[in-house]
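First comes the structure, then the notes that go with it.
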Amino acid sequence: MAQHDYDLTIRARRAIVGDDERAVEIGVSGGRIAAVADPGAGLDAERAVELAEDEVLLPGLVDSHVHVNEPGRTEWEGFATATRAAAAGGVTTIVDMPLNSVPPTTTVDGLHVKRAVARDQVAVDVGFWGGAVPENTGPETAAELRALHEEGVYGFKSFLSPSGVDEFGHLSPEEFRAAVAAIGAFGGMIIVHAEDPQVLDAAPPAQGRAYDSFLASRPDEAEHAAIRLVIDTARATGTRSHILHLSTATALPLIKEAKDDGVPLTVETCPHYLTIAAEEVPAGATQFKCCPPIRGAANRDALWQALGGGLIDCVVSDHSPSTPDLKDLATGDFGTAWGGVSGLQVGFPAVWTEASARGYALSDVVRWMARRPAEIAGVRGKGRLQVGYDADFAVVAPAASTRIDAATLQHKHPLSAYDGRELTGVVRQTWLRGQRVDTAHPQGRLLSRS
């Protein structure tokens, strides 16, 4: 049998390599990228794939903010359905949030349970966040955080206001400061749902079908106050800190000042904040409800400016599904409906549609949705077309368009804020470690920070 230099070559007229778009031949060996060559290099491989003229080769996208909810709330979502949705959207790595599952990932035992359930059913690679809650952040219990870190979680999520589920409590300012100090002592990272409970309690409660009522119940100042606490604590401790799902652009001056001062702070936003405006949300359309909320069009424009300028570091989905009954679709009551947008599969076309209209390039989207999420979370070997990295690819047709039909999406329930939207950018193939993803035969792996 003839010997070949590589297991696979992929030839693309267009590919995103670093910050550049160019033609390439990529050689893959043992599931990793072994060569990135100019076209015509003639890399010799057992298999050769040539992309169509309208296709572009991207590194597999990395989504570090996904609520899989298994075990315990598998009727909401699960590893099989979530990772199928990821693969369909060109996402080859997700990092699962520690809450909405039962048990939550706040103990080593809870992490072991989650890994056992996920094993053998994931279509893409999956890592895990730990959780910082009142039960594991006190003087007598903080050793559990170090133990989770040593078991390979990528960092620790905390809430500064109620999470919505009883088994994952939020931290008071004093508990938060203690948790951040403990996590910083072993070189870990804290990731924060930043809304202040006192500001939320003082706001008028959401009620009824009007989206304006819900928006008024989650004011910008709730994010401001919590972000101030995150920044002040990061400044005092030096602990790496990450603000989750930034919704309000009015907090950007606080963030800029902190970054300019060298505070170890990173910030994400989400596709729904960049592509949907409060003015567009119909009455009773609770599939748009999330916390913090989708805000107005001018706010959206300011988020784009901050993302383009690098003040916002990355874009991830905050995929947070539930069962349809929890969305209270029959009444459309924003006060009682569960908050969460299901967007894992459509993140790329949603962002690319808006980004291209605003003059951004595919290389920008790759930076926001592949390279930077991997770097921030510490997921090694992901998010780049580079020698030594995993051979994870998304093959996209950036000029093709599609109308989103929620009933055809791969997550568990046919609810989506993107239903009916005409989006540009179609994911045609997803590859994981040099193999095209076949969701009927899942080959994803469980990842560890270490």
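The values are calculated or read from the model by the stated rules, or taken from the named source; none is laboratory data. Predicted model only: the values in this text are computed from it and were never measured. With ideal geometry, Cβ positions are generated from the backbone for all residues, glycine too; neighbour counts draw on all protein chains shown.
Points to keep in mind about this one:
- Under the condition of being within 21 Å of VAL95 (Cα to Cα) and assigned to a loop (DSSP other than H, G, I, E, B), the residues counted in region 421-447 number 11.
- Screening ASP313, ASP318, ASP364, ASP328 for residues that are more than 27 Å from PRO264 (Cα to Cα) and touching a residue at least 40 places away in the same chain (Cβ under 8 Å) leaves exactly one candidate, ASP328.
- Selection count, region 58-74, where residues are acidic (Asp, Glu) and either in a strand (DSSP E or B) or closer than 19 Å to LEU432 by Cα (or both): 1
- Tally of residues being in a loop (DSSP other than H, G, I, E, B), hydroxyl-bearing (Ser, Thr, Tyr) and farther than 30 Å from SER450 by Cβ across region 359-406: 1
- Cross-chain or 6+ apart pairs with Cβ under 8 Å, region 34-46 first and touching a residue at least 40 places away in the same chain (Cβ under 8 Å), then in a strand (DSSP E or B) and among the hydroxyl-bearing types (Ser, Thr, Tyr): ALA34/TYR6; ALA35/TYR6; ASP44/TYR6; ASP44/THR9; ALA45/TYR6; ALA45/THR9; GLU46/TYR6
- Of the residues in region 321-332, at least one is surrounded by 18 or more Cβ atoms within 10 Å (Cβ to Cβ) and touching a His at 6+ places or on another chain (Cβ under 8 Å).
- Qualifying residue in region 152-166 (condition: of a type in the set (Gly, Ala, Ser) and over 23 Å from the mean Cα position of the chain (by Cα)): no
- Pairing residues of region 5-27 that are at negative phi with residues that are β-branched (Val, Ile, Thr) and outside any strand (DSSP E or B), at Cβ distances under 6 Å and at least 6 apart in sequence or on separate chains, gives ILE16/VAL366.
Residue-by-condition table, conditions (1) at pLDDT below 95; (2) buried (at least 20 other Cβ atoms within 10 Å of the Cβ); (3) charged (D, E, K, R):
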| residue | (1), (2), (3) |
| --- | --- |
| TYR360 | no, no, no |
| GLY388 | no, no, no |
| ARG403 | no, no, yes |
| TYR418 | no, yes, no |
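- Selected residue (only one of SER317, SER356 is at pLDDT 95 or above, in contact with a strand residue (DSSP E or B) (Cβ under 7 Å, 6 or more places away or on another chain) and not in a loop (DSSP other than H, G, I, E, B)): SER356
- Residue satisfying all of: in region 86-144; on the phi > 0 side of the Ramachandran plot and under 20 Å from the mean Cα position of the chain (by Cα); surrounded by the fewest Cβ atoms within 10 Å (Cβ to Cβ) among these: ASN100
- Answer from SER247, SER172, SER241 - the residue that is farther than 18 Å from ALA142 by Cβ and in the same structural domain as GLY310 (by TED's automatic domain parsing): SER247
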